[in-house]
Every structure is written in C-alpha cells, then in structure tokens.
Amino acid sequence: MYKGFVCLLKPLLPLTPNGPSQNLENLTVKHPENPALLDAKFLMHRGLRSLTLLFNSHYVPAELSTDMLPSQLLSGLAHLKIGTYNNGVQPHLPGLPALLRHLLCLETIELPQYTATCQFLEALSVLPALESIVTSPVEDPVERCNGLHPESPSLQRGAFPMLTSLTISECASQVIHLLESRHFPTTITSLTLETFFRDEDDPARLAIFVEKCTDLNEVSIRDDSEHSRPQFRWLKGLLSTTLTRLEVKSYWALDLDASDINSLIHSLPSIEILYLNTSSVVDRDYRPHKPFTFNNLPAFFRYCPKLRELGITVGASRPYDIIEDASLPPSQLQILQVGSSWLDPEFVCASAAFLAQVLPRKCCVCYEDTTHMETWRTLIEMLHYLRMALDLGEARCRASNDPSSLSL
C-alpha cells in the first residue's frame, strides 16, 4: 500500500528544465531557480535517499534552515550534498547542525569547506550511519583557512562510530587540530587532505595521527602552495606497511636522494597505487635536483609486488643499469605516469630500450602536456615498436623449440 502511494505521487511531479528526475529517490534542487521543489509534498513519502542543494545567490547569501528541510520528512536520507552553481555566493547554513542530528540514516555528506565548524562537526559525530565526510574547496586558497576554528570540537566517546572516509579542504594546521581532537576516531580507512602545510611541525603532527590509524589504507595529500618545497621527512611519517594507495601531489616535485628512495620502496609492501607527481605543470625549466630515474623501477617491482599504478617525476638524463632478464622481478604495473618529467632528447633511445626490457608488455606510459611532450611521444612510439620486435623474437624462439612446428 505504501509503495503504491509513492508511485502515485511520481507522475504528479512538475518537471522543470533544471528540476529533478521523476525518480524521487534522487532529488536535485537549484535555488532560487526552483525553490518550490523543497515543498513538503515532494518529501512526504520518506523515500528520498539522495538530496543535492545548489545555491546561486549573487546578492543576498542564501540561508538554509530547518524550515526549508523538515527533518521528520527526511528520515531515510542517505546522501546529502550542498554547494553552488554558476559561481554563486556560498550559502549560510545556520540551521544545518540542528537538522543533521536527526538524519540517522545519513551515510555520506558533502558541504562547503567553511561550514566545518565545531558545531557542525559535533552534530555529525553522533550520526550512527555516517561513513564519509567531504568538505569541498573554495576558489581562493587564502579563504581555505576561514572554516575550521582553532578550538577543538567537543566530541563524546564513540564519536563518528561508522566513519571510514574523510576528505577535507582546509589549511593543514586546522585540519590536523581536528584530527588531534579527543575521541576523534582512528578507525578511518581513507584520508584525503586537499590542503597545504603552513607550520613547520604540520607534517610530523599528521604522521602521528596516521600512525594511530591501524586500518588506514588510503592517504591522499595535495599541497598547492608554491612557497613550500616538499621534503622526504614530510612523506616518511605517512609510509605504512598497510597502505594500498598513497598520493602526495605538491606544487614542486619531491626531491629524494638514493637513501630516501630506498627507504620509500622498502616501506610499502602492500602498495597498489602510488603517485608522487607534481600537482600542476610548474616552471617548464624547473628540474628536481634528485628525481627518480628509470633505474628505480626494478626495485619497485621487487619490493612492491602489488603495484599497479606508479606516478613519479623522472629525470631521464642518466646512464641506465645493465639488467639481466633473469633477474627482473615480475610486475603487475599497468600505468607509469611520468607527469611533466624532464626528458633529455639524447636519452630517448636508451630510455625506450630500457623500458621495453623492464616494463610489463601491457603497461601504459603516460605524460602531461609540457615542452617535453614531443620527446615523450617519440619515446612511446619507439617503445611500441621495440615491444613488437620482442614479441616477434619470443614467438620465433618458442616455435623453434616446439618440435610439432618444424616443417618436414
């Protein structure tokens, strides 16, 4: 009977060009284009599972209150996203914490980063089903520090009982302050910080939290500040034998010496996806002082046997090691992302030959659009033909060793 009542409601929905689909489980509302869609009659069936609210108020900031979203009509809501469209003014959300406390089925929430106040976090901390929190960034990086407040939220024991994934766009000092809060869970499995380091001790403080998270298997950090150059000591504290995915993308390429690279490779036996590229194409003449080289690949394969994707900044301007085929470890690598790496034209042939020897046949080499694009394209073309030649040679070798293939 109840399901039939819901079905009867669906044909009565007024559809607008920017309105929702006829499936009431998912509703998208653009304010002020179609505010009437928040009318209770569209929510009364309690079947709404996903709600997206997009604001575009260029003159008076929109306000979200419990009057617009009566919690008793959203008892089954599992996914909530609030944001803007057409570069709209970020909405004020004074009534949101009070509303959130009643959404007992909520599993995921995405909100503007500046809403992550203590009151907001305290409201989220009591939700029994919440698994993922995402705070979306603002355009101006300076404004990223205007959200989280320096004081810690007052969390009770057992806060965030189901939280497994956390993505926050803030300056690192304030994010780490949150992570250090008493009773903040150390059971999360995925941590993403779209952030930048301001204080000298930020990386070490973050490493302390990561060390406590014994179930953590995915860490992603993006540092867009051009004023800080990432050091290996920043990265060292994030390395764990349980990590399956690690992404550290910074404005400047990570400089590593031989001992740093050796320590990195030996610390990630479970890693499957590893990206240490720059986050953007910086000065085209910039070259890291101590980049990775293709000589490091066999060590990655030997000590990181599960590695499927690898993104590193490579300096392809050094002699290559002579490697016996029998000593090459097997590899599951599918993608080698070199980003905006610098490639010496004189080493294109040698690089292609070396990669043809050490990379799995189906591994794809990817690069970004830089001034070295043509040299990387040439290398990949040469790699393709070298692989064809190796495949042909191996096929002939197998045929010569197969008696049944010999002609009379």
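In this entry, residue 278 passes the filter for residues that are at pLDDT below 80 and out of contact with any Asp or Glu (no Cβ under 7 Å at 6 or more places or on another chain).
Scanning segment 351-379 for residues that are among the hydrophobic types (A, V, I, L, M, F, W, C), crowded, with 16+ Cβ neighbours inside 10 Å and in a helix (DSSP H, G or I) gives 352, 354, 355, 356, 358, 376, 379.
Each row is one residue, and each column tells you yes or no for (1) buried (at least 19 other Cβ atoms within 10 Å of the Cβ); (2) within 22 Å of residue 338 (Cβ to Cβ).
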{"site": "204", "(1), (2)": "no, no"}
{"site": "214", "(1), (2)": "no, no"}
{"site": "221", "(1), (2)": "yes, yes"}
{"site": "236", "(1), (2)": "no, no"}
{"site": "240", "(1), (2)": "yes, no"}
{"site": "249", "(1), (2)": "yes, yes"}
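Out of the residues in segment 154-172 that are buried (at least 19 other Cβ atoms within 10 Å of the Cβ) and within 24 Å of residue 226 (Cα to Cα), state the one that is modelled with the highest pLDDT. Going through the qualifying residues, I end up with 168.
Exactly one residue out of 151, 139, 122, 110 is of a type in the set (D, E, K, R), modelled with pLDDT of 90 or more and open to solvent by 20 Å² or more (accessible area, probe 1.4 Å), and it is 110.
When residues in segment 253-271 are screened for being open to solvent by 20 Å² or more (accessible area, probe 1.4 Å) and in a helix (DSSP H, G or I), 6 of them pass. Restricting to segment 326-347, what's the tally of residues that are open to solvent by less than 10 Å² (accessible area, probe 1.4 Å) and either over 14 Å from residue 300 (Cα atoms) or modelled with pLDDT under 90 (or both)? Within segment 326-347, residues that are open to solvent by less than 10 Å² (accessible area, probe 1.4 Å) and either over 14 Å from residue 300 (Cα atoms) or modelled with pLDDT under 90 (or both) number 4.
The values are calculated or read from the model by the stated rules, or taken from the named source; none is laboratory data. This structure is a prediction, so every number in the text was calculated from the model and none was measured. Note that we place each Cβ from the backbone using ideal geometry, even for glycine, and neighbour counts take in every protein chain shown. What goes into the accessible areas is simple: the full protein's heavy atoms, side chains included, and nothing from ligands, DNA or RNA. Shrake-Rupley method; radii C 1.70, N 1.55, O 1.52, S 1.80 Å.
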